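The values are calculated or read from the model by the stated rules, or taken from the named source; none is laboratory data. Please read all numbers here as calculations on a predicted model, not as lab measurements. Counting neighbours? That spans all protein chains shown, and the Cβs are built from the backbone with ideal geometry, glycine included.
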Amino acid sequence: MTNHSLLSPSTAHRWMICPGSVAMGMTLPDEPSDYAMEGTVAHALAESMLNGTEYEVPPEYDTAELREHVQTYVDFVTILGGLREVEVGLDLSRWLGPHGFGTADAVVWCGTELYVCDLKYGMTYVDAVHNPQLALYAMGYLSLVQKFDCLTKVHLCIVQPRVRSVSQWDLTPAELRDFAEVIQKKALIARTMTELPEDEWICVPKESACRYCRARHLCPKLFRIAKYVAESDSSDLSPADLSGAYGYIGLVRLWADSVEKAVYGKLLHGERVPGLKLVEGRKGVRKWRSEAAAIKAIEAAGIQADVYERKLLSPAKMEKLTKDKTITKDQWSAIAPEIIQETTKPTIADETDKRPAYEPQSLTYPNMEENTNG
């Protein structure tokens, strides 16, 4: 028996769509990303701020920026009032199977209503509506405290300071139970995949599921989609065919990116990949080994030329000066007319997109051929 869960609440959005991804990723090593590490630091800081304790941000991170963003989340949780618990460990094995667990960032009781709050420090928008991770946290917490009888409303809240978003899903206890049952059934299917032969795995390629799947470079269905798009002759496709092929582009990009990373990793570790090898890349941009040492060398060499340069701050950086009152809002308003913003080339979007359709002034657009919408 393993000492860890096959399924985690944070990846529920993936295995609920693609149960086969769990079996495919079982043998792959965990590879924490820089983004994940940054998120861990943000959560540790949020916990300390809510509990009124001290936390020293590691030196490689911008403490001021972290505190500014995390404060938004802390303010949201604090203003709720009520009875608050922070970083609550939860037993989720009833829904996820053996060793299923999770940690809720914050739960707040306000009378007969429960708020389950989650800090997302990343830049990718996450919706609280039908969010399985938060629903599992709510069910796990309610099972822990046994307060279902006095509950009238559940609020699942996701605060994303860096994209200026607060998403909230309000539901009744009955609706929460129904959703948890769906998650439980999906979890059983995902666990079952690990007991079946590979040709019986249920793999469902979808951008939202594949984006953070570590095993997507191994997915046979994703490979078949990529092959279909690669072999399509756009000159022979009808508009409807082109539309269908275009719908797969996001998946193909994800697949290609994961294949490239997998090949690079194998070559980097000395494994042979037929027909491929690693070579030295382009030289990087030249830079001073140490600016202080460079200045001493310049002075010792008797160089009299002005070796410094000044550059006007960008509008974005200039606007930040209003936050610490370095410049006033009136001063910002006075210089704002000097700001322009270039229009970018049109972007392909779904017909349901709320933005109005672009109406070209001519049949061509600058750099249309040289660039993509990526």
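Here is how the numbers come out for the structure above:
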{"read-out": "Options Ser243, Ser314; residue that is under 30 Å from Cys210 (Cα atoms) and of a type in the set (Ser, Thr, Tyr)", "value": "Ser243"}
{"read-out": "Hits in the stretch 157-185 - residues which are over 26 Å from His43 (Cβ atoms) and either acidic (Asp, Glu) or touching a helix residue (DSSP H, G or I) at 6+ places or on another chain (Cβ under 7 Å) (or both)", "value": "Pro173, Glu175, Asp178, Glu181, Gln184"}
{"read-out": "Criterion violated by Asp170 - all others in (1) under 25 Å from the mean Cα position of the chain (by Cα); (2) surrounded by 15 or more Cβ atoms within 10 Å (Cβ to Cβ) satisfied", "value": "(2)"}
{"read-out": "Within the stretch 1-103, helices (runs of 4 or more DSSP H) holding 1 or more residues that are more than 20 Å from the chain's Cα centre (by Cα)", "value": "20-25, 34-51, 63-79, 93-96"}
{"read-out": "Criterion: without any contact (Cβ under 8 Å) to a residue 24 or more places away in the chain and either assigned by TED's automatic domain parsing to the domain that holds Ser33 or not aliphatic (A, V, I, L, M) (or both) - qualifying residue of Lys186, Lys261, Lys206, Lys266", "value": "Lys266"}
{"read-out": "Pick from the stretch 292-315, criterion at pLDDT below 90 and surrounded by fewer than 10 Cβ atoms within 10 Å (Cβ to Cβ), ranking: farthest from the chain's Cα centre (by Cα)", "value": "Gln304"}
{"read-out": "Enumeration of residues in the stretch 116-147 that are more than 12 Å from Ala180 (Cβ to Cβ), free of Cβ contacts under 8 Å to residues at least 40 places away in the same chain and not in a loop (DSSP other than H, G, I, E, B)", "value": "Val145"}
